[in-house]
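The values are calculated or read from the model by the stated rules, or taken from the named source; none is laboratory data. Treat the numbers as computed from the prediction; the structure is a model and nothing was measured. In this analysis, Cβ positions are derived from the backbone assuming ideal geometry, glycine residues included, and neighbour counts consider all displayed protein chains.
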Amino acid sequence: MEYLKKSIERSAQESQSLTENVAEIIRNVRENGDSAILEYNTRFDGNTRQNFRVSPEEIKAAYDAVPPQSLHDMREAAAHIKAFAQAQKECLKPLDNFSTIPGAVLGHRIIPVTSCCCYVPGGGYPLYSSALMLIIPAKTAGVGRVTACAPAVKGTGCINPLTLAAMDIAGADEIYVMGGAHSIAAFSYGTRQISPVDIIVGPGNQYVAEAKRQCYGQIGIDFIAGPSEVLVIADKSANPAILAADLLAQSEHDKLAKGILVTTDRELGLEVIRAVEAELETLETARIARASWESYGEVVLADNLTEAVSLANEYAPEHLEVIWDNPDAVLEQLHNFGSLFIGQETGEVFGDYASGTNHTLPTVRASRYTGGVWVGTFLKTCTYQRYDRAAMKETAPLVSRMARGEGLIGHARAAEVRKELLD
């Protein structure tokens, strides 16, 4: 293995000051509710509105402000996302009438959570696609109350019209103008205007991520997201200009984003580096993309395909592209990724917007133990059991012996008394 371009180490995102600042925000929201929300909205976004929930009139105004083609595109993408989420849901089946002994009936039910909050980030771009990716799976799962929030456009009291229209197209039941750690605290613990939810999903900055970490337990979360990343495994069959475009598409997210190429072809690696530099000369988002690429971009020359696959599994990237002459030869060996994009025609950007799979994915090696947001994020698999008298009498002695072996005599008696009284 050889680095044709090596990244610097990402700085640690956690710090004592970040932890303490977020803890203070959460404490303030828990103690002061809406007044704390107004304080932080004003301080961070210049948003002074007193009523945080978006009205139907504001939603209509957003539709009027968005070009018809954009609305058409959102609806088309939403249809793809909903269709895939519905297909995923149909894979999750209740289990009924399973039995290990006569007279015992076991099973499970698939139950949606009662409520959720979909956090749609703002920042430098109106990421309205995230509204579709978060809200649609929740609605498809059958969540009864789907709320959404996003920060106001700086200096206003309004969500970007594109984002607001996308939230409505996706089917949000309630929409609130707020972002940041204080919004996570509000939906975790509740305020006068905001009822708390069961789970919060969606990416955000380091304050949002830290707030989700600190509030986890009070509410469920999808995962703690970090900077975006893509890793591409490619051989000489790949087009360097396409690879460069995919790496920079990821790099333009923010200065901490990471684009990685792993190839077995030295000349391809060098051509991609040159192609990246050429595209940066004309790319409108070059200021951010260049900073990200120069600091965190990598081009790795692997000795062979086996090593390339091993590196990909070790990186455990958010997005994994395989542009190989015969990609099917390696797919079964790849097991750590948020979402997989197979073949040169399948750009990661398609998954970002309209293929139907979700773009809210695990980062910083979290794909070793979790996948991304999907319809199942909002569903619980809850077991049940029913014994008749014969099954109880057969199982009670086993349960009693095991409980007494652990020293839990009350547990043992709960089994024994049934056998004694119902014999």
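Side notes on the structure shown:
- Hits in region 304-339 - residues which are in a helix (DSSP H, G or I) and under 12 Å from residue 232 (Cβ atoms): 308, 311, 312, 315, 327
- Test: residue in region 147-168 that is part of a helix (DSSP H, G or I), farther than 20 Å from residue 125 by Cα and not polar (S, T, N, Q): no
- Test: residue in region 77-94 that is of a type in the set (S, T, N, Q), touching a strand residue (DSSP E or B) at 6+ places or on another chain (Cβ under 9 Å) and in the same structural domain as residue 182 (by TED's automatic domain parsing): no
- Hits in region 92-117 - residues which are touching a residue at least 60 places away in the same chain (Cβ under 8 Å), within 28 Å of residue 392 (Cβ to Cβ) and not in a strand (DSSP E or B): 101, 102, 103
- Those residues of region 202-234 which are more than 20 Å from residue 379 (Cβ to Cβ) and of a type in the set (Lys, Arg), in sequence order: 213
- Selection from region 249-262 of residues that are of a type in the set (Val, Ile, Thr) and over 11 Å from residue 298 (Cβ atoms): none
- Only one entry of 338, 351 meets the criterion of being touching a helix residue (DSSP H, G or I) at 6+ places or on another chain (Cβ under 9 Å), among the small types (Gly, Ala, Ser), outside the structural domain of residue 107 (by TED's automatic domain parsing) and within 22 Å of residue 129 (Cα to Cα), and that entry is 338.
- Consider region 207-236 and keep the residues that are in contact (Cβ under 8 Å) with a residue 24 or more places away in the chain and among the small types (Gly, Ala, Ser). The one that is nearest to residue 249 (Cα to Cα) is 228.
- Cβ separations smaller than 7 Å between residues 6+ apart or across chains give the following pairs from region 49-66 residues that are surrounded by 14 or more Cβ atoms within 10 Å (Cβ to Cβ) to residues that are aromatic (Phe, Trp, Tyr): 52/176; 53/176; 54/176.
- Scope region 126-162; condition of a type in the set (Ser, Thr, Tyr) and either within 21 Å of residue 38 (Cβ to Cβ) or touching a Cys at 6+ places or on another chain (Cβ under 6 Å) (or both); matching residues: 147, 156
- Elements of type helices (runs of 4 or more DSSP H) contained in region 172-281, each with 1 or more residues being in the same structural domain as residue 35 (by TED's automatic domain parsing): 180-189, 206-215
- Where residue 386 falls short, out of the listed (1) among the charged types (D, E, K, R); (2) closer than 25 Å to residue 239 by Cβ; (3) surrounded by fewer than 17 Cβ atoms within 10 Å (Cβ to Cβ): (2)
- Residue 225 small (Gly, Ala, Ser) and modelled with pLDDT under 95: yes
- Unique residue being touching a residue at least 24 places away in the same chain (Cβ under 8 Å) and not assigned by TED's automatic domain parsing to the domain that holds residue 135 when the list is 394, 406: 394
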